[in-house]
Amino acid sequence: MSVDFWTYLIVGLSFSLYIGIAIWSRAGSTKEFYIAGGGVPSVANGMATAADWMSAASFISMAGLISFMGRDGAVYLMGWTGGYVLLAMMLAPYLRRFGKFTVPDFIGDRYYSKIARVVAVVCAIFISFTYVAGQMRGVGVVFSRFLGLEVELGVIVGMVIVFFYAVLGGMKGITYTQVAQYCVLIFAFMVPAIFISIMLTGNPIPQLGLGGEYVENGVKTGVSLLDKLDGLNQELGFKQYTSGQKSTIDVFFITLALMVGTAGLPHVIVRFYTVKRASAARSSALWALLFIAILYTTAPAVAVFARTNLLRTIPGTAYQASPEWFQNWEKAGLIAWVDKNKDGAIQYNGSGPAFHKVEGASNMTPQFFSEKKGESGERILKNAPTDSTNELYIDRDIMVLANPEIANLPNWVIGLIAAGGLAAALSTAAGLLLVISTSVAHDLVKKTFRPDISEKAELRTARLAAMGAVVIAGYFGINPPGFVAEVVAFAFGLAASTFFPAILLGIFSKRVNREGAVTGMIVGLLFTLGYIIYFKFISPDLNHAKNWFFGISPEGIGGIGMILNFIVTILVTAVTPRPPAEIAHLVDRVRLPRAAYGEENTAPIDH
Amino acid sequence: MSKKTASPEARSRYWKLNLCWLIGLSMIWFLVSFGCGILWVDELDQYTLPGSGIKLGFWFAQQGSIYVFVTLIAIYMIVMNQLDKQLLSDLRAPEDFEKLDSTEQKGDRK
């Protein structure tokens, strides 16, 4: 049966599952809509957090990104997992004990200030929107690559599905669909990884295969896989795979910004409000990281497998003798080849990019003349070739998308990858949309502008806000502003330089006051945003290591923003009055189990 | 029925022990990820992970640190569950230490 048949079948089945769950778990109250009633079991919450966290980028792009970056890919592997340690120990249990519904709730109450709350809401909405636009685009891209739909139509299908379960079910609907989506995406990621691991190393566990012995056509070679890959890389003039290219300080700060940013992202934090008590918040952080680690420890193995497969099959092969997947993905525009020396063979080496970007384009994406074919039958590029001897362009997403074909796996596995990519994108999009709608309905309408609103009206407002957010996110998915891809990575920098210090100090210090926290957040935000805007939009041509502050790239500047926030908060606090007495009381109750004060465990704090 | 609470000493002991564990575990977190995975990665690369063909620094950067993260959270979870149990097993009626409680509150607010 054909690939299309399997893809429609598997994607169709998974979508009906999501809709079924949405109808079963409709939200009836604001508490159910915002935090799923606060009674989600920790294993389920861990899975939901994992799906919420792992976006289309983790599923489709990360392994490919690593396979081109080599050791430096560790910034993503460590950066996107290490934050959970901070969350589990320094934030999640205390925020759960605080109760209430959102991150701005905590900031607003702890710093007894509407301004602090509004600053937090603005940050939360800004971070979530930049992030969600990328997810909707991801949905469209998966549809177009696997089913040949237009990207626009794909985005609309995605909008309808998310609309269904986010608007109807709120957090409750989202949580249980995310559990299902985690299962779909992890299965889809692991199946091809396991097969390729057996093919290349004879070991069915990809994590171990990474350190295994290279096996060629079923015969052990006595060389470790990584040595083999280092050798292949060097032969072709690439840097050794296991050595780094970025400067140590840059790697340090990018990792720091991603870790701390993870711990400060509102759609991650809010997941810990959905469990019963603080101890459950700790165990669900453990489950979440465990479920995430399954994918994140497989990804570096997939990166190595894919790179090895690529380097041992493609360079030097005649185009006409190239494997079927090569030409399939060329049709999809993710591979491009220009025969510079007219020998009909594919030259792939480390001498630089194969061609320039098309004038006016924002990145290196190849653009083709629609029907023109070259002498070997290859597609002809609009991009002008460069002087280097390298003739090949490979989109990094190939490394995951083409995996089943490279390993000659059956067609249903390809359908599975499509469903997995969609699950990853939809689950993240839904989590973000919920943060946006909660921020609007709860933090802005209920807490700031119309405190007398009834519960029913608030729930209606939340649903309306979710609808509005779906439509706006869909719009950005269809007409992506050029900067979306750039900005998503910076959502982390902003979360790191605003929320993380404010929440951390709010829990661990009784002395830090409103003035300190608000100035700290504003300084962190402006510094980080300013640095990014300067290097990415105002003077992109200056964006080189020698112009950077201490050699730290805009991706890593959130780490400095965070340190700055800490310093400013503490200095301003030192010269302004202590917070009112009831704040110390509030902090005490956040630090210890409620029962230590003779109170019910789950009751929200009144003060 | 009068509500039972933990004694002020028990509460401050709980918080201090929590901070100790937290600081200790975050130091390991930092040493493994930023230390072994980034700062000392080249030195560690001279060795390989026993029983495999991976350079040690590379392994820490791409896999080992993640395993350590999971372990750290697991340890913290177990320790805190114990501390919770200890704290809550010794609840008493507030009359028993009302005096102490009020002095602590004053101390906090000055």
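How large is the dipole of region A:224-320 about the Cα centre if only Lys and Arg carry +1 and Asp and Glu carry -1, each at its Cβ, rounded to the nearest 20 debye?
Details: 9 positive and 4 negative charges, 102 e Å.
The dipole magnitude comes to about 480 debye.
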For region A:10-128, just say rounded, prolate or oblate: build the C-alpha gyration tensor, square-root its eigenvalues into a ≥ b ≥ c, call rounded for a/c under 1.5, and beyond that prolate if a/b exceeds b/c, oblate if not. oblate
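Using a 10 Å cut-off around each Cβ of peptide A:89-97, what is the average number of partner chain Cβ atoms that fall inside?
2
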Step through the residues of region B:10-15 one at a time and calculate ³J(HN,Hα) from phi using the Karplus curve (6.51 cos²θ - 1.76 cosθ + 1.60, θ = phi - 60°), rounding each to whole Hz and writing x for Gly and Pro. 4, 5, 6, 5, 4, 5
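Mind ordering A:466-478, A:512-524, A:18-30 by average Cβ neighbours within 10 Å, highest first? Write out the running numbers ahead of the final one.
Values: A:466-478: 20.2, A:512-524: 23.1, A:18-30: 17.4.
Averaged packing, sorted descending, gives the order A:512-524, A:466-478, A:18-30.
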Taking θ = phi - 60°, what integer Hz values does the Karplus form 6.51 cos²θ - 1.76 cosθ + 1.60 yield along region A:14-23, in sequence order, with x for Gly and Pro? 5, 5, 5, 4, 4, 5, x, 4, 4, 5
Taking chain A as the reference, fit the longest principal axis to its C-alpha atoms, fit the long axis of helix A:514-533 to the helix C-alpha atoms, and give the angle between the two in degrees, 0 to 90, nearest 10. 20 degrees
For A:A345, other-chain or 5+-apart residues with amide H closer than 5 Å (H placed, Pro excluded) are A:Y319
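What net charge do the residues around A:A124 carry, taking every other residue with its C-beta under 12 Å from that of A:A124, with Lys and Arg at +1 and Asp and Glu at -1? If you can, show how the numbers build up before the last one.
Values: positive: A:R117; negative: A:D105, A:D443.
Neighbour charge sum, excluding A:A124 itself: -1.
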Cα centre as origin, Lys/Arg/Asp/Glu Cβ charges: region A:325-424 dipole, Debye: 140 debye
Would you mind checking which residues have amide H under 5 Å from A:F355's amide H? H placed 1.01 Å from N; only 5 or more apart, or other chain. A:T386
Top positive-direction residue, dipole computed over region A:1-132 with Cβ charges, set A:L17, A:T130, A:Y84: A:Y84
Quick check: the distance between the Cα centres of region A:387-457 and region A:45-89, to the nearest angstrom? 13 Å
Heavy atoms of the protein only, probe of 1.4 Å, neighbouring chains included. What is the accessible area of A:H544 in Å², nearest 10? 90 Å²
For region A:272-424, whose charge dipole is built from +1 on Lys and Arg Cβ atoms and -1 on Asp and Glu Cβ atoms, the candidate among A:A281, A:G344, A:Y319 with its Cα farthest towards the positive end is A:A281
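What shape does region A:548-591 take by its C-alpha gyration tensor, where a ≥ b ≥ c are the square roots of the eigenvalues and a/c under 1.5 counts as rounded, a/b above b/c as prolate, and the rest as oblate?
Details: a/c = 6.41, a/b = 2.32, b/c = 2.76.
Here region A:548-591 falls in the oblate category.
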According to the square roots a ≥ b ≥ c of the eigenvalues of the Cα gyration tensor, what is the shape class of the protein assembly as shown, taking rounded for a/c under 1.5, prolate for a/b larger than b/c otherwise, and oblate for the remainder? prolate
I'd like to know which of A:T201, A:F238, A:F253 lies farthest towards the positive end of the charge dipole of region A:184-319, counting +1 on Cβ of Lys and Arg and -1 on Cβ of Asp and Glu. A:F253
In whole Hz, with x marking every Gly and Pro, tabulate ³J(HN,Hα) for region A:137-143 from phi via Karplus 6.51 cos²θ - 1.76 cosθ + 1.60, θ = phi - 60°. 4, x, 4, x, 5, 4, 4
Per-residue counts of other Cβ atoms within 10 Å, averaged by peptide: what ranking do you get for A:153-164, A:316-327, highest first? A:153-164, A:316-327
When the dipole is taken about the Cα centre of the protein assembly as shown, and only Lys, Arg (+1) and Asp, Glu (-1) are charged at their Cβ, what size is it in debye, to the nearest 20? 2180 debye
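Within 10 Å, count the other beta carbons around each residue, average over each peptide in A:51-61, B:68-78, B:44-54, and list them highest first. Don't jump to the answer; show the numbers that get you there.
Details: A:51-61: 25.5, B:68-78: 19.6, B:44-54: 15.6.
Put in order of decreasing packing, that is A:51-61, B:68-78, B:44-54.
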Taking the full set of protein chains and a 1.4 angstrom probe, give the accessible area of A:R511 in square angstrom, rounded to the nearest 10. 70 Å²
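Based on DSSP H runs of at least 4 residues, each adding -39500 (n - 2.57), what is the mean residue ellipticity at 222 nm of chain A after dividing by all its residues, to the nearest 500 deg cm²/dmol? Let's see the in-between values first.
Details: 24 runs with 370 residues, N = 607.
About -20000 deg cm²/dmol.
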Tally Lys and Arg at +1 and Asp and Glu at -1 over the other residues with C-beta under 13 Å from the C-beta of A:V151: what net charge comes out? 0
How high is the relative contact order of region A:49-188, in percent, with contacts defined as C-alpha pairs under 8 Å that are six or more residues apart? 21 percent
Amide H contacts under 5 Å for A:V215, restricted to residues at least 5 apart in sequence or on another chain and with H modeled in the peptide plane, are A:T201
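Of the trypsin sites (Lys or Arg not before Pro) in region A:310-417, which ones lie in a loop per DSSP and count no more than 13 other C-beta atoms within 10 Å?
In loop regions of region A:310-417 (DSSP not H, G, I, E or B), the sparsely surrounded trypsin sites (Lys or Arg not before Pro) are A:K342, A:K382.
The values are calculated or read from the model by the stated rules, or taken from the named source; none is laboratory data. Quick caveat, the model's predicted, so the values are computed rather than measured. With ideal geometry, Cβ positions are generated from the backbone for all residues, glycine too; neighbour counts draw on all protein chains shown. Ligands, DNA and RNA are excluded from the accessible area calculation, which covers all protein heavy atoms including side chains. Shrake-Rupley method; radii C 1.70, N 1.55, O 1.52, S 1.80 Å.
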